[in-house]
Amino acid sequence: MHGLEDEPYYGIGQSGPKMKILEVEVKNRAGLHTRPAALLVKTASKFKSDITLLKDGFAVNAKSIIGVMTLAAEPGCRLTLQIEGPDEEEAAQTLGALFASGFGEE
Amino acid sequence: MLRVLSWCGRSEGAVKNRPTFQKSAIPVSFMIEQLRERIRVPIEPLNTVDASRRLVTEADLHRPGLALAGFTQLFTWQRVQILGNTEIEYLHYLDPEARRKAFWNVIQFDVPCLILTHGNELEPELLAMATERGIPVYRTLVPSTRFMYLLRDFLDDQFAPQQTVHGTLVDVYGVGLLLIGQSGIGKSEVALDLVERGHRLVADDVVVVTRKSETVLIGSGTELVQHFMEIRGLGILDIRSMFGIRAIRFQKRIEVVVELELFDPNADYTRTGLDGNTISILDVPIPHVKLPIVPGKNVTVICEVIALNYLLEHYGYKPAEEFRRRLEKRIAERAREGREGIERSVEYFEHDFE
């Protein structure tokens, strides 16, 4: 696949009515490598909701370490989180804060 | 270049809410390189222009006969233009002045590239005109129809709609089983078990599904992950180095979707196999088996049986249909002959007490 040109459109209109959608940015300098990916998966797995991470049209389950690492998210890139389920509010807050903190890295 | 679509191809159930995406353009240089290296079509450039900046945006091809003759309305110039025997003979037939004019009719547009088939030649003067316009020109010895078939198939593949599915794809007795179900239900464990029994892993966790034709879905892993797999409690394993080359494959048609779920006493599970449930991925209906997980159930063996049953049905034998026929026949016989009781499958045990 080649470089991205178009602004991705994730078909938000198609999603369920109650779904939470959150834009996050990878802030730490090393990107979403093994340690932050594991932390993200551990945190996401605590929630009952279905949590999907989207990047460039790729959708992966945020509770799967292989899935999250597939994105190979580089520093500065933006990801979309789709959260759907009984604890979606809380999940959105916790995961949003985790990204904002740069996973405790520089 | 990737375009993310929401409308093209809908999916339902466990694979819903996933965007579909497809490439919106590929560089001409990439197309030619792939033709040469992957499809092994001998093709050579006739001029030197930067083909990495020219883009192919459509899978369709065009033979610009009418455009050469001057009719440029409705000319689909954005497609790859194929110059075969007819087009080249027509150019030869014209006098030099008319020839330049006819050729200009085509190259006044920003066509992605020109491809001469059947080993045809282009007059140096015309070639220079194309170079001037920055249009790459190629030549192949392959005849037009054959070449167009090969290129069309490649472009169809490149522009096919794709989607990622959270699941595990395994080749079981040659049948592509896509295991889906919520995180932690044991998809990877079942796949590992299947690999141990001699079946082949295609992808775990992230399966990239491509609609290869109206009825065919092909699944593969991603370039980064390949045959790595996570087993909870163990961490990340590499199936290829652990079990060897026989345990993996890179692509497989998806033939049955097996959905693992916790047993729900209120859910409606098929009891006869006559319902023919399907699930839609990228608008392609795929047979769908919902498999409740209960203690003591060997999901691996059931997956093998699902694959074998699919093969039986594929070759024309439907066990549930067969059983229904036998039952209906027996009911009719009883009604006719007034027989009672349930018959043993062997009427007389002879003197063979085994």
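The values are calculated or read from the model by the stated rules, or taken from the named source; none is laboratory data. Every value quoted in this text rests on a predicted model; they were computed, and no experiment measured them. Quick reminder, even Gly has a Cβ in these numbers, built from the backbone with ideal geometry, and neighbours come from all protein chains shown. Note: accessible area is taken over every heavy atom of the protein model, side chains too, but ligands, DNA and RNA are not part of it. Shrake-Rupley method; radii C 1.70, N 1.55, O 1.52, S 1.80 Å.
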Exercise for the section: Report yes if B:Ile306 is under 26 Å from the mean Cα position of the chain (by Cα), modelled with pLDDT of 85 or more and assigned by TED's automatic domain parsing to the domain that holds B:Tyr173, otherwise no. Expected result: yes
Problem - Residues within segment B:273-294 that are at positive phi and open to solvent by 50 Å² or more (accessible area, probe 1.4 Å), tallied - result: 2
Handout entry: So B:Leu122, is it of a type outside the set (Ser, Thr, Tyr) and not in a loop (DSSP other than H, G, I, E, B)
Key = no
Exercise for the section: Go through segment B:30-82 residue by residue and tally those that are within 13 Å of B:Asn105 (Cβ to Cβ), in a loop (DSSP other than H, G, I, E, B), touching a residue at least 12 places away in the same chain (Cβ under 8 Å) and not polar (S, T, N, Q). Expected result: 5
Completion exercise
Those residues of segment A:91-106 which are open to solvent by 50 Å² or more (accessible area, probe 1.4 Å) and at positive phi amount to A:Gly104
Exercise for the section: Confirm whether B:Val175 is farther than 19 Å from B:Asp283 by Cβ, surrounded by 17 or more Cβ atoms within 10 Å (Cβ to Cβ) and touching a Phe, Trp or Tyr at 6+ places or on another chain (Cβ under 6 Å). Expected result: yes
Practice task
Considering only segment B:211-266, state which residues are within 14 Å of chain A (Cβ to nearest Cβ), surrounded by 12 or more Cβ atoms within 10 Å (Cβ to Cβ), in a loop (DSSP other than H, G, I, E, B) and not charged (D, E, K, R).
Solution key: B:Gly221, B:Thr222, B:Leu224, B:Val225, B:Gln226, B:His227
Exercise for the section: Identify, by number, the condition in (1) open to solvent by 100 Å² or more (accessible area, probe 1.4 Å); (2) in a helix (DSSP H, G or I) that B:Glu350 doesn't meet. Expected result: (2)
Practice task
Identify all residues within segment B:189-203 that are assigned to a helix (DSSP H, G or I), farther than 16 Å from B:Val225 by Cβ and open to solvent by 10 Å² or more (accessible area, probe 1.4 Å); write none if there are none.
Solution key: B:Glu189, B:Val190, B:Asp193, B:Glu196
Exercise for the section: Look through A:Lys46, A:Lys63 and report the one residue that is out of contact with any strand residue (DSSP E or B) (no Cβ under 7 Å at 6 or more places or on another chain) and among the basic types (Lys, Arg). Expected result: A:Lys46
Practice task
Might you let me know whether segment B:34-41 holds any residue that is of a type outside the set (D, E, K, R), open to solvent by 40 Å² or more (accessible area, probe 1.4 Å) and at pLDDT 95 or above?
Solution key: no
